[in-house]
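The values are calculated or read from the model by the stated rules, or taken from the named source; none is laboratory data. Just so you know, these numbers come straight off a predicted model, no measurement behind them. All Cβ positions, even for glycine, are placed from backbone atoms using ideal geometry, and neighbour counts span all protein chains on display. Surface areas here come from the heavy atoms of the whole protein model, side chains and all, with no ligands, DNA or RNA. Shrake-Rupley method; radii C 1.70, N 1.55, O 1.52, S 1.80 Å.
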Amino acid sequence: MSLFQRLMVVISAAALLLGVVLTFTYDIIKIEWISFMEIQPSYKPMEKPLPVAVRSIPIEGAAYIPGQGAPVNPVPADEVSIERGRVLYQINCAQCHGATGEGNGIIGGALVNPPANLTSDVVQTKADGALFLTISNGILGANGQIRMPALNENLTVRDRWDVVNYIRTLKAAP
Ligand code: HEC
């Protein structure tokens, strides 16, 4: 073998090796090296509500029809509903709005923008449906900042109406 031929062999071997390596780097042949559960494309709680899957049907019926105004409360404010609302309120709202609804919860006190006083006339004179929409969608500030988080993922439609019925019992005594 001449020197030139030997050189050609070495170069072709190197080119072949490079080609093989490149097929892996460009995921032509994909190898799952190590996988940890925490390294994956996913959303953290409250981060970005996922859109409902195409062609899915709400099993509770639509909560409300967008653009049709506030929905009418379909849940009678009986003892069961108010008791359910009380329990759900303590879990989902009390940390901000306070155990008695006066807007002085543990987290609420630390917020720059304080939570509403739910016993006040401002809130109590609102329609049930308006409160329902607030719970469902939260409150966005003018700058797009979340002032109150949307709780539609935490509470079912029935749960939200129960909370609304409970809020009515917080009305400050005249
Ligand atoms: C993370 C804290 C937080 C949680 C949790 C929270 N809220 Fe609020 N809420 C706020 C803040 C802050 C405001 C005042 C927003 C504003 O108007 O700037 C508010 C306002 C409201 C209002 C007043 C709306 C209006 O139009 O006057 C209602 C009603 C309300 N919240 C109900 C609830 C209920 C019911 C829950 C539980 C299901 C809840 N909130 C959970 C922080 C919270």
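Between the stretch 42-71 and the stretch 10-25, the alpha-carbon centres lie 51 Å apart.
Using packing as a proxy for protection, rank 11-17, 84-90, 68-74 so that the peptide with the highest average count of other Cβ atoms within 10 Å comes first. Walk me through the intermediate numbers first.
Numbers: 11-17: 10.0, 84-90: 18.0, 68-74: 13.0.
For the peptides 11-17, 84-90, 68-74, the packing ranking is 84-90, 68-74, 11-17.
Ranking Ile34, Ile91 from most to least accessible surface, computed with a 1.4 Å probe over the protein chains only, gives Ile34, Ile91.
Asn137 sits among other residues whose Cβ lies under 13 Å from its own Cβ, and their net charge, with Lys and Arg +1 and Asp and Glu -1, is +1.
Of Met148, Met46, which has the most accessible area and how do the rest follow, probe 1.4 Å?
On the way: Met148 35, Met46 110 Å².
Listed by decreasing accessible area, they come as Met46, Met148.
For the chain, the longest principal axis of the alpha carbon atoms and the long axis of helix 79-92 meet at an angle near 50°.
Mind ranking Asp128, Asp121 by accessible surface for me, highest first, 1.4 Å probe? The partial results should precede the final answer.
Details: Asp128 40, Asp121 110 Å².
Heavy-atom accessible area, descending, gives Asp121, Asp128.
Just so you know, the Cα atoms of the chain work out to an Rg and Dmax of 28.8, 108 Å.
So for the stretch 79-168, considering every pair of alpha-carbon atoms, how many percent are separated by more than 24 Å?
Working: 426 of 4005 pairs.
Everything past 24 Å amounts to 11 percent.
Counting only heavy atoms of the protein chains and using a 1.4 Å probe, Arg6 has close to 140 Å² of accessible surface.
Quick check on the chain: helices-only [θ] at 222 nm, where DSSP H runs of length 4 and up contribute -39,500 (n - 2.57) each and the sum goes over total residues. Nearest 500, please.
Working: 6 runs with 67 residues, N = 174.
Rounded to the nearest 500, the figure is -11500 deg cm²/dmol.
Each residue of the stretch 125-131 is assigned a 3J(HN,Hα), and the resulting list reads 7, 6, 5, 3, x, 5, 5 Hz, derived from the Karplus form 6.51 cos²θ - 1.76 cosθ + 1.60 (θ = phi - 60°), x at Gly and Pro.
Quick check: the angle from helix 157-168's long axis to the longest principal axis of the chain, C-alpha only, nearest 10 degrees? Tilt of helix 157-168: around 40 degrees. Between Ser136, Ser42, Ser120, the GNM of the chain built on Cα springs shorter than 10 angstrom shows Ser42 fluctuating the most. Put a dot 7 Å past the Cα of Ile146, heading toward its Cβ, do the same for Ala15, and the two dots end up 5.7 nm apart.
Relative contact order for the chain using alpha-carbon pairs under 8 Å, separation at least 6, rounded to a whole percent?
Details: 157 pairs, mean separation 37.1, N = 174.
This gives 21 percent for the chain.
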